[in-house]
Amino acid sequence: MSTPFTPTLPSRRIETLDFLRGFALLGILMVNMPLMNYPITSILAQTKHYTGFTDVLAMNFIKVFFESKFYALFSLLFGYGFWLFISRPAGNSTAIPLFRRRVFLLLLFGLGHVVLLWAGDILVFYALFGFLILWFRKSPDRKLFRWALGFLLVPVVLNLLMYLLTLLASLHPEAKAGMENGMAEQAAALNATIADAIRIYSSGTYAESVSMRLQEYSMMLPGILFFYPNVLAFFLLGMVAARRRYLQEPENHLPLFRSGLKWGLIIGIPGNLLYALAFSQSPPNQASEWSLVVSVCSAFAAPALTLAYVSGLVLLWQQGKMQEGFRLLAGVGKMALSHYLMQSLITSFLFLNWGLGLYGKVGVAQGILITLAIFLTQAGISRVWLKKFRYGPMEWLWRSLTYGKIQSLRLQNEGS
């Protein structure tokens, strides 16, 4: 008879996972902030709407040190947590149905997030890929590495094909003219949508904002092949890391983390400087040598810097340094779902018409300061909340629905 599955007790949590989740949430908010203050469809148009020196400098700071690094980390941790969930002692016969229910609920949370708060949600695709990675759970590590590499290469190959098609079209004047006309029409329609979004988010009703969010979200969906294969790659790499117990037993893998810090910085810093340069030179809505460089750097230089971040934090934690900082990060990480949704709620209040109405009025540099203020506030909330409660409010709801039983929320003495 199998042991019934129950949620992991707070006393049995893996602290490295918690502070890395908290760190990931800080980075995700840093990247999302300019997009919460401007239509997310500007990604498709590659709109460079911040032109002041300070904002351009701040935007490049985000691109070099944050963009594409933290969704990679969050995805890695999702894959890590997936493996821990399905490999718990009660056995796969119980874990797999529970995991399916868990990610289905995450899908519902994500859809609600899109409709009510922000079109830049990541939860929907995390949930969908959560169902998908079940197919890989019995694959050996070497096979997972090969699949991860393949997924990382998908956006690069697609960008290469688009670039080659552009080159071929340039050899035929009629084809080139047709392609340029089609791109111009597409750009005009996209820019019209961006203008509508700015107007509605700045002064429209909440119902109009919901409609606009759904329109933006549907326009972003075709870009799935240029972004989300990387997410799936990091899910698989997270599974491998969990199997090898890198974060459960970091003390046994210190040479690996030292090597990760060294090579992550050697590859990541120049690679991401090149990424920022290539992005600034890449023409909007057009395949080019620069856009190809952007995709290569996103696939390899960004994860290298992510590896450096993870390795550096784990080494500092093992050395007993910056413990107060790690406690603050871990508190946010323990309430990751609650805080992810809270970030969207706070920024919606700051920017949209139903709140303070600052939409489009906050520069990138100011956004960095707002990001830090929001995150420090969340760290303080976590510290107070977790003194009385086991889980964050959304984590409690998620667990209760997953296990089909109301979970105890108030913190009590727990067995080891």
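The values are calculated or read from the model by the stated rules, or taken from the named source; none is laboratory data. Source: prediction; values computed, not measured. Using ideal geometry, Cβ is built from the backbone for each residue, glycine included, and neighbour counts are taken over all protein chains shown. Keep in mind that these areas ignore ligands, DNA and RNA; they rest on the heavy atoms of the full protein, side chains included. Shrake-Rupley method; radii C 1.70, N 1.55, O 1.52, S 1.80 Å.
Side notes on the structure shown:
Condition check ((1) within 23 Å of the chain's Cα centre (by Cα); (2) part of a helix (DSSP H, G or I)) across all residues:
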residue: ARG199; (1), (2): no, yes
residue: GLN248; (1), (2): yes, no
residue: GLU251; (1), (2): no, yes
residue: PRO255; (1), (2): no, yes
residue: TYR275; (1), (2): yes, yes
residue: ASN285; (1), (2): no, no
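- Test: residue in segment 34-46 that is at pLDDT below 95, out of contact with any Pro (no Cβ under 7 Å at 6 or more places or on another chain), among the β-branched types (Val, Ile, Thr) and open to solvent by 40 Å² or more (accessible area, probe 1.4 Å): yes
- Here SER400 fulfils each of the conditions (1) without any contact (Cβ under 8 Å) to a residue 40 or more places away in the chain; (2) open to solvent by 50 Å² or more (accessible area, probe 1.4 Å); (3) within 20 Å of LEU105 (Cα to Cα); (4) of a type outside the set (A, V, I, L, M) apart from (2).
- Within segment 150-162, being under 14 Å from GLU289 (Cα atoms) and open to solvent by 40 Å² or more (accessible area, probe 1.4 Å) holds for VAL157, LEU158, LEU160, LEU161, MET162.
- Taken together, GLY120, GLY130 contain a single residue that is of a type in the set (Gly, Ala, Ser), assigned to a loop (DSSP other than H, G, I, E, B), at pLDDT below 95 and closer than 29 Å to GLY268 by Cα, which is GLY120.
- Residues satisfying the stated conditions in segment 324-369, i.e. over 19 Å from the mean Cα position of the chain (by Cα) and in a loop (DSSP other than H, G, I, E, B): LEU352, ASN353, TRP354, GLY355, LEU356, GLY357, LEU358, TYR359, GLY360, LYS361, VAL362, GLY363
- Evaluation of PHE99 against the conditions (1) open to solvent by less than 30 Å² (accessible area, probe 1.4 Å); (2) touching a residue at least 40 places away in the same chain (Cβ under 8 Å); (3) more than 23 Å from MET219 (Cα to Cα) shows that the sole unmet condition is (2).
- VAL210 vs. criteria farther than 21 Å from VAL157 by Cα and modelled with pLDDT of 90 or more: yes
- Considering each residue of segment 67-90 in turn, at least one proves to be surrounded by 15 or more Cβ atoms within 10 Å (Cβ to Cβ), over 19 Å from LEU17 (Cα atoms) and either under 19 Å from the mean Cα position of the chain (by Cα) or modelled with pLDDT of 95 or more (or both).
- Only one of the numbered conditions (1) within 30 Å of LEU247 (Cβ to Cβ); (2) free of Cβ contacts under 8 Å to residues at least 40 places away in the same chain is not met by ILE368, and that is (2).
- Among the residues listed as GLN318, GLN286, the single one being closer than 28 Å to SER87 by Cα, open to solvent by 50 Å² or more (accessible area, probe 1.4 Å) and in contact (Cβ under 8 Å) with a residue 12 or more places away in the chain: GLN318
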